[in-house]
Amino acid sequence: MSGAVEKIRRKKAALYAMCDNFSGHMEAHAKQTATWVDRTGHARQSIHGGAEQKGDEVITYLSHGAEYGGYLEEGTPPHVIRPKNKKALYWYGASHPVKEVHHPGTKAQPVIGPTVDLFWPRMKEARRKLFREG
């Protein structure tokens, strides 16, 4: 293997390691700074980050693993909740069954986007240094 090819191979490996390291820091930061109130802890625990190598590209990601993660990030508009399989809705504490509930919507409590925005300049600088060094 020529010296130039070996150097490129090492830079690619270093880039992957750098991205994987950043993804771990982003995951930890997102879990620590999420502003929503935990009920089960599932949403916070399911935030995950990582890095994937696809050909010459390295992809760094940070994501919700909870099915409702998008609702936490973006909120929901006002909406009507109706029963799917029954004639009425009822929950513990309700005075009587109801045919529908007018939900006021939920406020967005983003953590993924702000975390990526915080780390992105640091990642770009680290990548620039990696490829600038001999």
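The values are calculated or read from the model by the stated rules, or taken from the named source; none is laboratory data. Remember, predicted model here, so these are calculated numbers, not experimental data. A quick note on method: Cβ atoms are made from the backbone with ideal geometry, for glycine too, and the neighbour counts reach across all protein chains shown. Calculation scope for accessible area: heavy atoms of the full protein, side chains included, ligands and nucleic acids excluded. Shrake-Rupley method; radii C 1.70, N 1.55, O 1.52, S 1.80 Å.
Are any residues in the stretch 10-25 among the aromatic types (Phe, Trp, Tyr) and more than 14 Å from residue 56 (Cα to Cα), and if so, which ones? Break it down stepwise before answering.
Filtering the stretch 10-25 for residues among the aromatic types (Phe, Trp, Tyr) gives 16, 22.
Passing the criteria: only 22.
Kindly list the number of the only condition in (1) surrounded by fewer than 11 Cβ atoms within 10 Å (Cβ to Cβ); (2) closer than 30 Å to residue 10 by Cα; (3) in contact with a strand residue (DSSP E or B) (Cβ under 8 Å, 6 or more places away or on another chain); (4) not acidic (Asp, Glu) that fails for residue 80.
Residue 80 satisfies all of (1) surrounded by fewer than 11 Cβ atoms within 10 Å (Cβ to Cβ); (2) closer than 30 Å to residue 10 by Cα; (3) in contact with a strand residue (DSSP E or B) (Cβ under 8 Å, 6 or more places away or on another chain); (4) not acidic (Asp, Glu) except (2).
Among 33, 40, 60, 76, which is the only one that is farther than 30 Å from residue 121 by Cβ, of a type in the set (Val, Ile, Thr) and modelled with pLDDT of 95 or more?
76
Condition first: open to solvent by 40 Å² or more (accessible area, probe 1.4 Å), within 27 Å of residue 116 (Cβ to Cβ) and among the hydroxyl-bearing types (Ser, Thr, Tyr). Now tell me which residues in the stretch 1-32 satisfy that.
Selection gives 16 alone.
State all residues of the stretch 62-77 that are open to solvent by less than 100 Å² (accessible area, probe 1.4 Å) and within 12 Å of the chain's Cα centre (by Cα); if no residue qualifies, say none.
62, 63, 64, 65, 66, 68, 69, 70, 72, 73
Mind listing whichever residues of the stretch 105-134 are open to solvent by 100 Å² or more (accessible area, probe 1.4 Å) and touching a residue at least 60 places away in the same chain (Cβ under 8 Å)?
Across the stretch 105-134, the qualifying residues are 122, 127, 131.
Is it true that some residue in the stretch 73-95 is closer than 30 Å to residue 16 by Cβ and out of contact with any Ser or Thr (no Cβ under 7 Å at 6 or more places or on another chain)?
Yes, the stretch 73-95 contains at least one residue that is closer than 30 Å to residue 16 by Cβ and out of contact with any Ser or Thr (no Cβ under 7 Å at 6 or more places or on another chain).
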